[in-house]
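Participant: Once you've had a glance at the structure underneath, I'll fire off some questions.
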Amino acid sequence: MIILNLLKQNMNINKLYDHKLIENFWYKYWINNNLFKSIPNNKIPYTIAMPPPNITGVLHMGHVLNVTIHDVLIRLNRMKGHNVCLIPGIDHASISTEVKVMQSLKDKNIYKDIIGREKFIKYVYEWKEQYGNIILNQIKKLGVSCDWDRLCFTMDEKYYNDVQDAFIHLYNNKFIYQDYKMVYWDTKSLNTVSDEEIIQEPCVNKLYYIKYNLLHSNKYIIVATSRPETIIGDVAICTFIDNKIYPTIKDNYALIPLINTKIPIICDHSISSKFGSGYVKITPAHDFNDYEIAKRHNLPVKNILNKNGTLNDTYEPLNGLNRFIARKTIVDLLIKNGHIIKIENYKTFKKISKRTNTIVEPMITKQWFVKMKYLSSLCSTLLDNNRITIYPQKYVNVYKNWLNNIQDWCISRQLWWGHRIPIWYLKNQKKFIVAAKNSHQAINLFKIQYNIDVNENNIEQDKDVLDTWFSSWLWPIKIFSKKDFQYYYPTNIIITSPEILFFWIIRMIIAGLYFCQEVPFKKIYITGTVRDKRGKKMSKSLGNSPDINKLIEKYGADSIRASIFFLSKNNNDIMFEESYCLQAYSFINKIWNSVILIESLKSDKKDEYHIDSLKIIHWFNSKINKTIIDLNQIYQNDNDLSKSFVLLYKIYKEDFCSFYLEIIKFYTKKQYRYYTITIKYLKILLKMLHPYIPFITEEIWHKIGDNKNLLNPLITSNYPQSYSNINNAIINDMKNVYDLLNKLRNFKIKYNISSNDRLDINIKSLNIIFYKKYISIIKIFIQNINNVFYNDDSKKYNECLMIKNDKIYIDLSKKNKIDNIKNIDFLYKKINILIKYKESIKKKLSNELFLKKAPDNIIIKEKKKYSDISEKINHYQLQIDND
RNA sequence: AGGAGUAUAGCUCAGUUGGUUUAGAGCAUCUGUCUUACAAACAGAAGGUCAUAGGUUCGAAUCCUAUUACUCCUACCA
């Protein structure tokens with residue numbers, strides 16, 4: 001048998017769909033014929049600015065999801081006659097790029113601090129040339145129809161300029177200010193470090209319980225700390241809110257051990273009663289949480305560390321000591337003076353700089369901020385006025401929550417790769433500041449604003465660069481030329497993942513409103529997150545995303561795109577596993593094979609239909625029109641692309657292949673011709689499927705009918721409109737035919753009826769017309785049916801099927817009867833279920849309150865149900881009795 | 001710690017304003033079938049106390065409250 005299979009496969013090998021060949025061909029064709037290109041014209045535009053992936057990126061499943069949704073919407077709207085424009089881009093990604101390039105330079109023994117800023121930037125550009133396009137090529141492989149001529153990079157000259165303009169504009173309008181912020185500091189490289197450059201390692205640390213005496217009493221309080229050397233920087237003692245002892249000590253002061261400085265005792269909601277002693281020392285200069293508390297309580301900030309990690313002169317015995325040696329020294333002193341009550345071990349994390357392997361130190365630094373209060377108020381009414389809609393709805397609350405709690409935005413980063421902050425200082429006199437794009441402008445401004453004459457040599461530009469988001473928040477407003485902006489802006493939709501709703505989406509809206517007085521997009525479409533089978537988010541760093549190139553190679557881009565929609569239901573998270581591609585792959589295979597069948601229907605003869613087959617043609621006509629309408633409804637309402645794709649999957653696989661084609665195939669054998677009408681339906685189906693699976697549909701489009709010319713590709717064809725009325729009666733009829741078929745197939749299996757058996761049946765029904773109309777179709781699927789009698793009382797065989805209230809008697813006299821006991825068991829099981837159901841309805845109907853309060857139509861329905869069920873039970877009971 | 005979300009078949013999810021549903025799909029499972037487009041196919045079967053506990057109602061998977069578990073975002077662990 002296996003050999004036979006192999007033989008068959010080999011014979012059909014040229015019939016197999018070769019996705020690699022076909023996908024490459026069509027992408028090239030689309031590009032070469034400028035079919036993705038968009039130029040302003042008199043059509044209505046449909047524009048999407050694609051979220052620019054990082055240049056450090058490699059395509060992972062999350063991108064595939066995002067990018068595919070983009071392309072489906074774009075292809076759909078292109079076919080619907082819009083002037084569509086999908087703008088691709090890449091993001092310079094300051095931090096991750098700088099870290100990545102530093103890493104690669106480190107292997108060559110090159111260090112950025114040694115080679116200097118200019119040379120380093122040169123290396124970054126070299127790196128970008130080499131690796132920056134990987135992700136774009138992968139996007140192309142997926143078939144995404146971007147206008148590649150509009151490719152935009154956040155470090156392009158024009159974009160760079162725009163970012164600087166935005167900063168200067170905000171600065172001149174007093175939205176940008178300088179303030180202190182706590183950041184992590186690398187004491188060895190003397191630089192700030194970002195979260196991405198920090199490794200967290202679990203470790204066991206010591207927790208010291210230290211006695212602080214009170215000033216106006218002989219009591220004391222115990223404070224737990226892991227960093228005893230910082231007690232000399234204490235400015236307060238803090239306890240939790242419900243501490244019952246607090247009222248008795250709140251007007252008192254605590255004395256710092258050894259140095260005996262008096263500090264106030266406060267309480268704050270951020271302190272937990274469960275950890276440590278319930279009292280915390282507040283050292284604002286050296287701890288993130290303490291810094292926040294100090295700000296809330298107006299406490300001073302007392303720095304005790306030098307930038308290289310040694311202690312300063314706050315307390316003479318520790319002056320100049322390394323922070324870890326200082327800890328030992330002060331612990332010894334505290335023990336000697338009886339201030340240490342106990343020392344405990346506890347599990348925590350230490351944060352280590354990837355650059356130098358030293359433990360990082362919280363440090364207060366001067367940074368640039370954007371005032372957000374007024375800016376965020378610009379978007380407060382957008383949702384209520386429907387200027388922007390969010391899909392799915394569940395993110396509306398998240399959006400509002402973010403907007404209400406928005407904090408000022410720290411936009412400076414101590415890096416070299418990125419947009420350099422356009423601020424100029426007078427050397428050695430930092431209080432003279434101007435915002436300017438270049439030294440030339442700066443010199444002028446110093447003269448105008450401060451009346452100071454300066455030259456290139458005594459001014460300097462701020463060394464830091466801007467947060468990457470400060471460039472990407474301008475994305476939708478700065479990717480167009482001035483002329484194009486009028487035409488394309490605002491864009492129609494933004495498609496993105498939930499985690500950057502705050503970082504990016506809200507900020508883009510703010511920028512759009514502030515700089516252009518118009519929202520940047522009308523709809524926010526939030527996709528799910530792609531996870532692996534264990535629920536972990538798929539990402540590069542975890543390495544749990546499958547290699548997309550390999551997946552495309554194996555299954556084809558169409559399959560990968562389709563599987564996204566099989567999985568992404570309701571925009572929920574996707575648990576991805578490679579095996580899920582198989583369903584989509586077999587669907588593609590199915591489509592290809594169905595076309596082989598359809599092409600075999602081709603004939604020179606004039607079309608001529610068998611009278612019975614017209615029903616199926618009319619039915620499919622209604623069905624396809626209904627699908628067109630249903631799809632349009634989905635596209636108009638919420639763009640739940642998974643729902644629409646599954647609808648298409650079902651009509652193609654179940655209605656078209658399993659039903660329509662099976663019947664057509666049957667009549668074709670009898671020399672009737674159905675090619676033209678079938679091609680008409682196929683074309684409509686291809687059009688509707690094209691946005692999801694563009695390659696195979698385009699290929700088939702050119703292989704069928706009279707369409708064998710490349711001048712009329714599917715990608716730019718017109719999207720199908722509903723063209724005739726929907727006959728709901730026939731759709732309903734066919735559903736009943738389907739039910740009947742199921743019952744008969746069941747019956748066949750139960751009674752072990754072989755395909756050679758020919759059986760007579762007698763149908764007793766009030767609706768004989770229905771059976772007479774469709775019996776020819778039923779016979780195609782159930783070839784066992786021999787003579788059919790209607791309401792013939794002389795023919796009442798024992799075996800009987802109940803369908804609704806119709807009875808279909810089947811003569812099994814020519815056939816061995818099946819095992820009676822088994823059959824009776826089955827019938828009893830059925831009766832039991834029905835009796836249970838009957839009871840529940842009886843209970844309902846005998847409930848007076850139900851009869852009094854429930855609406856009439858419900859009561860009538862329940863009564864009808866009751867009588868129907870009673871009859872069914874009787875019917876089954878009768879069968880048992882007869883056996 | 002704050003905010004949001006989810007809980008329905010082995011898995012991924014539907015389930016319209018509470019009553020046409022005896023809670024449905026698709027995968028996976030099991031059974032049957034080489035059938036001239038497709039065995040990566042076709043046909044069939046089995047599988048569920050709708051997370052738990054209360055409440056509202058004539059009637060709850062659906063509305064309300066509490067609990068539990070998980071996920072995400074933000075901020076963190078003295």
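Participant: Please specify each residue of region A:116-146 satisfying the condition of being more than 14 Å from residue A:52 (Cβ to Cβ), under 30 Å from the mean Cα position of the chain (by Cα) and not in a helix (DSSP H, G or I).
Facilitator: A:142, A:143, A:145
Participant: Also, quick follow-up: Looking at region A:655-667, can you tell me whether even one residue there is in contact (Cβ under 8 Å) with a residue 40 or more places away in the chain, of a type in the set (Ser, Thr, Tyr) and either assigned to a helix (DSSP H, G or I) or within 11 Å of RNA strand B (Cβ to nearest atom) (or both)?
Facilitator: yes
Participant: Given the conditions (1) part of a helix (DSSP H, G or I); (2) within 32 Å of the chain's Cα centre (by Cα), which single one is not true for residue A:199?
Facilitator: With respect to (1) part of a helix (DSSP H, G or I); (2) within 32 Å of the chain's Cα centre (by Cα), residue A:199 is out only on (1).
Participant: Just for region A:202-229: of the residues that are over 45 Å from the mean Cα position of the chain (by Cα) and polar (S, T, N, Q), which one is farthest from residue A:345 (Cα to Cα)?
Facilitator: A:217
Participant: Check region A:275-289 and report whether any residue there is within 12 Å of RNA strand B (Cβ to nearest atom), among the basic types (Lys, Arg) and open to solvent by less than 30 Å² (accessible area, probe 1.4 Å).
Facilitator: Yes, that holds for at least one residue.
Participant: Can you run down the residue pairs with Cβ atoms below 6 Å, 6 or more apart or on separate chains, where the first is in region A:860-883 and open to solvent by 70 Å² or more (accessible area, probe 1.4 Å) and the partner is part of a helix (DSSP H, G or I)?
Facilitator: A:865/A:841
Participant: Does at least one position in region A:367-377 carry a residue that is closer than 30 Å to residue A:305 by Cα, open to solvent by 50 Å² or more (accessible area, probe 1.4 Å), at pLDDT 85 or above and among the hydrophobic types (A, V, I, L, M, F, W, C)?
Facilitator: no
Participant: Name the residues in region A:656-666 that are in contact with a Lys or Arg (Cβ under 9 Å, 6 or more places away or on another chain) and either at pLDDT below 90 or surrounded by fewer than 19 Cβ atoms within 10 Å (Cβ to Cβ) (or both), would you?
Facilitator: A:657
Participant: Moving to a separate point now. Quick check on region A:348-360. Is at least one of its residues touching a residue at least 24 places away in the same chain (Cβ under 8 Å), within 16 Å of RNA strand B (Cβ to nearest atom) and closer than 26 Å to residue A:156 by Cα?
Facilitator: no
Participant: Here's another thing I want to ask about it. Taking the options A:609, A:635, name whichever one is under 22 Å from residue A:773 (Cα atoms) and at pLDDT below 90.
Facilitator: Of A:609, A:635, the one residue that is under 22 Å from residue A:773 (Cα atoms) and at pLDDT below 90 is A:609.
Participant: Pairs only if they're at least six apart or on different chains, beta carbon under 9 angstrom, first in region A:834-854 and without any contact (Cβ under 8 Å) to a residue 40 or more places away in the chain and closer than 17 Å to residue A:871 by Cβ, second within 8 Å of RNA strand B (Cβ to nearest atom) and open to solvent by 50 Å² or more (accessible area, probe 1.4 Å); list them, first residue then second.
Facilitator: Within 9 Å, the pairs are A:837/A:865; A:838/A:865; A:841/A:865.
Participant: Here's another thing I want to ask about it. Please determine, by comparing only the residues of region A:308-329 that are part of a loop (DSSP other than H, G, I, E, B) and small (Gly, Ala, Ser), which one is farthest from the chain's Cα centre (by Cα).
Facilitator: Looking at the filtered set, the residue picked out is A:320.
Participant: Then there's this: Among the numbered criteria (1) closer than 23 Å to residue A:284 by Cβ; (2) open to solvent by less than 70 Å² (accessible area, probe 1.4 Å); (3) modelled with pLDDT of 85 or more; (4) in contact with a strand residue (DSSP E or B) (Cβ under 8 Å, 6 or more places away or on another chain), which single criterion is violated by residue A:306?
Facilitator: Condition (4) is where residue A:306 drops out.
Participant: I'd like the full set of residues that are outside any loop (DSSP other than H, G, I, E, B) and more than 22 Å from the chain's Cα centre (by Cα), limited to region A:473-495.
Facilitator: Passing the criteria: A:477, A:478, A:482, A:483, A:484, A:485, A:486, A:487, A:488.
Participant: Looking at residue A:842, is it modelled with pLDDT under 85 and more than 7 Å from RNA strand B (Cβ to nearest atom)?
Facilitator: yes
Participant: Inspect region A:73-92 for any residue being crowded, with 16+ Cβ neighbours inside 10 Å and modelled with pLDDT under 90 and give the result as yes or no.
Facilitator: no
Participant: Restricting attention to region A:638-654, which residues are in a helix (DSSP H, G or I) and either within 30 Å of residue A:603 (Cβ to Cβ) or not polar (S, T, N, Q) (or both)?
Facilitator: A:641, A:643, A:645, A:646, A:647, A:648, A:649, A:650, A:651, A:652, A:653, A:654
Participant: Further question on the same structure: From the set of residues in region A:736-750 that are open to solvent by 80 Å² or more (accessible area, probe 1.4 Å) and either of a type in the set (Phe, Trp, Tyr) or in contact (Cβ under 8 Å) with a residue 24 or more places away in the chain (or both), which is nearest to residue A:807 (Cα to Cα)?
Facilitator: A:743
Participant: Being among the hydroxyl-bearing types (Ser, Thr, Tyr) and within 15 Å of residue A:656 (Cα to Cα) is the filter; apply it to region A:596-623 and report the residue that is nearest to RNA strand B (Cβ to nearest atom).
Facilitator: A:613
Participant: Examine region A:254-263 for a residue that is surrounded by 14 or more Cβ atoms within 10 Å (Cβ to Cβ) and under 47 Å from the mean Cα position of the chain (by Cα), and state whether such a residue exists.
Facilitator: Checking region A:254-263: not a single residue is surrounded by 14 or more Cβ atoms within 10 Å (Cβ to Cβ) and under 47 Å from the mean Cα position of the chain (by Cα).
Participant: Further, regarding this structure: Please go through region A:582-595 and give me each residue that is within 6 Å of RNA strand B (Cβ to nearest atom) and open to solvent by less than 50 Å² (accessible area, probe 1.4 Å), ordered by number.
Facilitator: A:594
The values are calculated or read from the model by the stated rules, or taken from the named source; none is laboratory data. No experiment lies behind these values; they were computed from the predicted model shown. Note that we place each Cβ from the backbone using ideal geometry, even for glycine, and neighbour counts take in every protein chain shown. Heavy atoms of the whole protein, side chains included, go into the accessibility calculation; ligands, DNA and RNA do not. Shrake-Rupley method; radii C 1.70, N 1.55, O 1.52, S 1.80 Å.
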